[in-house]
Amino acid sequence: MADKSLTSSPAVPSTAGVSVEEPSAAVSSPVPDTRSRVAELRAIREEARRGPGERATQAQHAKGKLTARERIALLLDEDSFTEVEPLRRHRATGFGLEAKKPYTDGVVTGWGTVHGRTVFVYAHDFRIFGGALGEAHATKIHKIMDMAISAGAPLVSLNDGAGARIQEGVSALAGYGGIFQRNTRASGVIPQISVMLGPCAGGAAYSPALTDFVFMVRETSQMFITGPDVVQAVTGAEVSQNGLGGADVHAQTSGVAHFAYDDEESCLEEVRFLLSMLPQNNRENPPRHATEDPAGRRSEALLDLVPADGNRPYDMRKVIEEIVDDGEYLEVHERWATNLICALTRMDGDVVGIVANQPQSMAGVLDIEASEKGARFVQMCDAFNIPILTLLDVPGFLPGVDQEHGGIIRHGAKLLYAYCNATVPRISVVLRKAYGGAYIVMDSQSIGADLTYAWPTNEIAVMGAEGAANVIFRRQIAGADDPDAMRARMVKEYKSELMHPYYAAERGLVDDVIDPAETREVLIRSLAMLRTKHADLPSRKHGNPPQ
């Protein structure tokens, strides 16, 4: 007799041990196989990649702006981008949001490479909710920031968003808080670069302000806390978006932007160049690039570039071009506080940060803005293991009621604090004038410079000879039959006694007086010796820098 269990089975056991009724042939549907599921996945991924459609893309292009993915493609090496959470959707309801749940939620996040090195990136997609930040949007950014910190790799944000997503209320605001907290935690740990490619208003503007570098594109990017309408309502002043917070305003007037460019392509290319000068994190040194520019190359041009007459201006940029590899450097804050130059360059293939007075602008004097600019740059170099070279030709701090009332004391102290706190190799060269407190602040030996050199044209003193003579010999000058002749004689005497080129060297305040033509060779030898420098700061939670 046949076993009925083998010929009739009203139920089929499942792998979980639960019996399931066997479907009839009439109502059964084919179980999707893996191939169909993969096809479905590809369709969904393509929808996410394509975004809201061609019309939205055309509208973005009509504004002179690229899409988020086009920007990422320009920033990263070809075919290196790996996206994170491309299928993420928001879960908000109300105000019609439940009917509109696009993939990515308006931000593309992931990682790729720039010149073969890992870089993390997030890019707002203005085509989706105007790039506005909601809860899911913010969570994606938080995740990629956490990944960048954990992996020890730079983070680049491509900003083009309309601020917080109003429909999501306070949840969106909390998302910004998470970004700010991570910006602060990553500060000095990994390089953070903000690229402004569209509007950035209100609290959203504080994230770029917390990062190391800010790039902007003219006409299409703006940053402000309160927009033109609010400014007009409160103050009565009429101003355009670009007039209030455009690229030129922030690159030249406010100092918020380090770089400004005419188009996105050149902007993103310069971001790639900057990344090539920076280490992956604070535990690594910047990448070294081989150069064919000889380390021992003499530069006879330096003998004529800098006039011996301290009252004659010259362009310090030309001096920098003579001593660095192939004359190439990247100037930071080029159009703001132009009396001080801050630049990243290479010497014998190694990255160096240069801080230099610019006699062509305000005689190279230090003022409030120059002090802030220099302090921020020195801190960045120190955080990322970049040696600092300081080129001095400074007549002092800028005198004036506006400067004193504006707090030149505390602002100048920021530059002093930054230098004193820096543990990277530090070398200074006095080209010509180095007067008063500005000489001390500009990385003198007394505040910890590892090596200090001077050219034979140097004048290191408390103040200029004319001013010093007027103070020291005022009675003799006032009582002389010919005050002008007496003043000239006293000026000459003061110079011969206290301002000759070897006075500081004789007292050990500079390590050597060097031939200007040999500056490149001397600096490269010195930097090579200091490459293994190690210095410990006192144990403390953190310092309390001047504000």
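Looking at segment 115-148 only, could you name the residues that are of a type in the set (Ser, Thr, Tyr), without any contact (Cβ under 8 Å) to a residue 60 or more places away in the chain and surrounded by fewer than 24 Cβ atoms within 10 Å (Cβ to Cβ)?
THR139
Could you check how many residues of segment 110-140 are closer than 26 Å to GLY169 by Cα and in a loop (DSSP other than H, G, I, E, B)?
Of the residues in that region, 6 qualify.
Working only within segment 514-547, note down all residues that are open to solvent by less than 50 Å² (accessible area, probe 1.4 Å), in a loop (DSSP other than H, G, I, E, B) and aliphatic (A, V, I, L, M).
Once the filter is applied, which keeps residues that are open to solvent by less than 50 Å² (accessible area, probe 1.4 Å), in a loop (DSSP other than H, G, I, E, B) and aliphatic (A, V, I, L, M), segment 514-547 yields ILE514, ALA535.
Return the residues of segment 197-227 that are open to solvent by less than 20 Å² (accessible area, probe 1.4 Å), assigned to a helix (DSSP H, G or I) and hydroxyl-bearing (Ser, Thr, Tyr); say none if nothing qualifies.
SER207
Given the conditions (1) in contact (Cβ under 8 Å) with a residue 12 or more places away in the chain; (2) open to solvent by 60 Å² or more (accessible area, probe 1.4 Å); (3) basic (Lys, Arg), and given that ARG507 satisfies all but one, which numbered condition is not satisfied?
(1)
Let's see how each residue does on (1) surrounded by fewer than 20 Cβ atoms within 10 Å (Cβ to Cβ); (2) more than 13 Å from the chain's Cα centre (by Cα); (3) assigned to a helix (DSSP H, G or I):
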| site | (1), (2), (3) |
| --- | --- |
| SER171 | yes, yes, yes |
| GLY175 | no, yes, yes |
| GLY188 | yes, no, no |
| VAL195 | no, no, no |
| ASP229 | yes, yes, yes |
| VAL249 | no, yes, yes |
| GLU265 | yes, yes, yes |
| GLU270 | yes, no, yes |
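Which one is farthest from HIS115 (Cα to Cα), of the residues in segment 69-100 that are in a loop (DSSP other than H, G, I, E, B) and open to solvent by 80 Å² or more (accessible area, probe 1.4 Å)?
Looking at the filtered set, the residue picked out is PHE95.
Just checking: which of the helices (runs of 4 or more DSSP H) contained wholly in segment 342-460 hold 3 or more residues that are surrounded by fewer than 24 Cβ atoms within 10 Å (Cβ to Cβ) and touching a residue at least 40 places away in the same chain (Cβ under 8 Å)?
Output list reads 368-383, 408-421.
Residue by residue, here is whether (1) more than 29 Å from PHE397 (Cα to Cα); (2) in contact (Cβ under 8 Å) with a residue 12 or more places away in the chain; (3) among the charged types (D, E, K, R) holds:
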position	(1), (2), (3)
VAL471	no, no, no
ALA478	no, no, no
ASP484	no, no, yes
GLU497	no, no, yes
TYR503	no, yes, no
ASP511	no, yes, yes
GLU521	yes, yes, yes
ARG531	yes, yes, yes
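The values are calculated or read from the model by the stated rules, or taken from the named source; none is laboratory data. In this text, all values refer to a predicted model and were calculated from it rather than measured experimentally. In this analysis, Cβ positions are derived from the backbone assuming ideal geometry, glycine residues included, and neighbour counts consider all displayed protein chains. Ligands, DNA and RNA are stripped out before the accessible areas are found, and what is left, the full protein with its side chains, is counted by its heavy atoms. Shrake-Rupley method; radii C 1.70, N 1.55, O 1.52, S 1.80 Å.
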